[in-house]
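FYI, it's all coordinate maths here, none of it is from the lab. Everything quoted here is computed from the prediction, not taken from an experiment. In this analysis, Cβ positions are derived from the backbone assuming ideal geometry, glycine residues included, and neighbour counts consider all displayed protein chains.
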Amino acid sequence: MDACAPIGVFDSGVGGLSVLREIRTLLPGETLHYVADSGHAPYGDKTPAYVQARAEALVQALLAQGCKAVVVACNTVTGLSIRPLRERFPDTPIVAIEPAVKPAAARTRSGVVGVLATQNTVRSPGLARLISEHAQGVRVLPQACPGWVERVERGDMGSPETEAAVQAHVAPLLQQGADTLVLGCTHYPFLRGAIERVAGPGVAVLDPAAAVARELARRLDALGLRCPATHGETHFWSSGDLDRARQVMGLLWGQ
Ligand code: DGL
C-alpha cells in the first residue's frame, strides 16, 4: 500500500466534519476523502441492518478510491455495527469514534454524566458495553436528541428553535446533577455553543474527535503508512442534494 494513498472518512451526513477538521490539523500531509451520506441521513432512527448496509457501501466506495485507511466518523455506525464492519473488511485499518464515556467517568465530580446521542446510539450494544466497562460507580444518563442531526444538516445552528431544542434535552440532565456532558454524535460539536449556553461554565462538554485523529496517526505510524508530504488535499463527497451540500459543508468547514 502506498503511504500517500488517501484516507477515507465518512458519516451519515455533515457531522463527521467535526472529526475531519481534527484529522486535517493533526495530519496536514494526508489526502482526505470525506463522504457525507446526507441522502440517507439521519441514521439515528434507521434499522441496524440499514445502517450496516450503508456503512459497508461507503467503505466499499472509499476503497474504490484507493483509500489506505477508513475513519468511521459516526457514533451510530460504531455503536450498531463496528464489529461486522471490521469483519467484512479485515485488511483495512478502520478507526472508529465512540462516545467519550471513559474520560467523562474519570472527570465527573458529581458522579453523574450525560451522554447526548442519537436514538440508535442510546439503544446500541456499543454504548451499553462502554458504560459497563468504563463507568462503574458513575450514573450515566443516555439522552436521545431527536431532530438535532436534521438541524445541523440544514445548517441551522443558531435559530431560537435550535436553542429551544438544545435546552429541552440538556436541561433534564443538569436537573439530575450531571456535571459532564458527552457529545455522543459527531453532528453535536456544531451545536456546542448552544449546549454550553444551557449548561453553563461549571459543566464540562467532551468531544472525542481529537482523540480519534491521534488514534488514526498512531495506527498509520504502526503500519508505516504516514505520508511524508507537507500538504494534502481534502475532497468532499455527498449523496445528498449537491447545492445544499456545498452550502452547508462550506459553512461548517469554513471555506
Ligand atoms: N453523526 C452521526 C453520529 O455520530 C449522526 C447519526 C445520524 O445520522 O442520526 O451518530
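Short-range pairs are left out: with C-alpha atoms under 8 Å and at least six residues apart, the relative contact order of the chain is 31 percent. Note the angle between two axes, namely the Cα long axis of helix 242-253 and the longest principal axis of the Cα atoms of the chain, as a number of degrees from 0 to 90, rounded to the nearest 10. Approximately 70 degrees, to the nearest 10.
Could you give log10 I(q)/I(0) at q = 0.22 Å⁻¹ for the range 85-221, computed by the Debye formula over C-alpha point scatterers of equal weight, without solvent? These q points yield log10 I(q)/I(0) values of -1.37. Our summary of shape: the Cα atoms of the range 74-119 have principal axis extents of 43, 22, 12 Å, ordered from largest down, in whole angstrom.
If you average the C-alpha positions of the range 217-255 and of the range 47-113 separately, how far apart do those two centres end up, in angstrom? Rounded to whole Å, the Cα centres lie 17 Å apart.
Globularity index of the range 198-255 is 1.64 (Cα radius of gyration / 2.2 N^0.38 Å, N = number of residues). Each 10 Å bin from 0 upward holds the following percent of the Cα-Cα pairs of the range 45-153: 14, 41, 31, 13, 2.
Helical content alone sets the calculated 222 nm signal of the chain at -14000 deg cm²/dmol, taking -39,500 (n - 2.57) per DSSP H segment of four or more residues and averaging over every residue.
Between Arg219 and Trp253, the contour length at 0.36 nm per residue exceeds the alpha carbon distance by 9.7 nm.
Take the Cα radius of gyration of the range 126-175 and divide it by 2.2 N^0.38 Å, N being the number of residues; the result is 1.45.
Using C-alpha pairs below 8 Å separated by at least 6 residues, the relative contact order for the range 159-255 is 24 percent.
Amide H contacts of Arg154: none lie under 5 Å away among residues 5 or more positions distant or on a separate chain (H built 1.01 Å from N in the peptide plane; Pro and chain starts excluded).
Work through the residues other than Ala211 whose Cβ is under 15 Å from its Cβ and net out their charges, Lys, Arg +1 and Asp, Glu -1. Result for the neighbourhood of Ala211: +2.
The modelled label-to-label distance between Arg83 and Asp45, using points 7 Å beyond Cα along the C-beta direction, is 2.8 nm. Available extension along the chain between Thr230 and Arg129 is 32.4 nm, counting 0.36 nm per residue and deducting the alpha carbon span.
Taking amide H as placed 1.01 Å from N in the peptide plane, Ser12 has its amide H under 5 Å from the amide H of Asp37, each at least 5 places away in sequence or on another chain.
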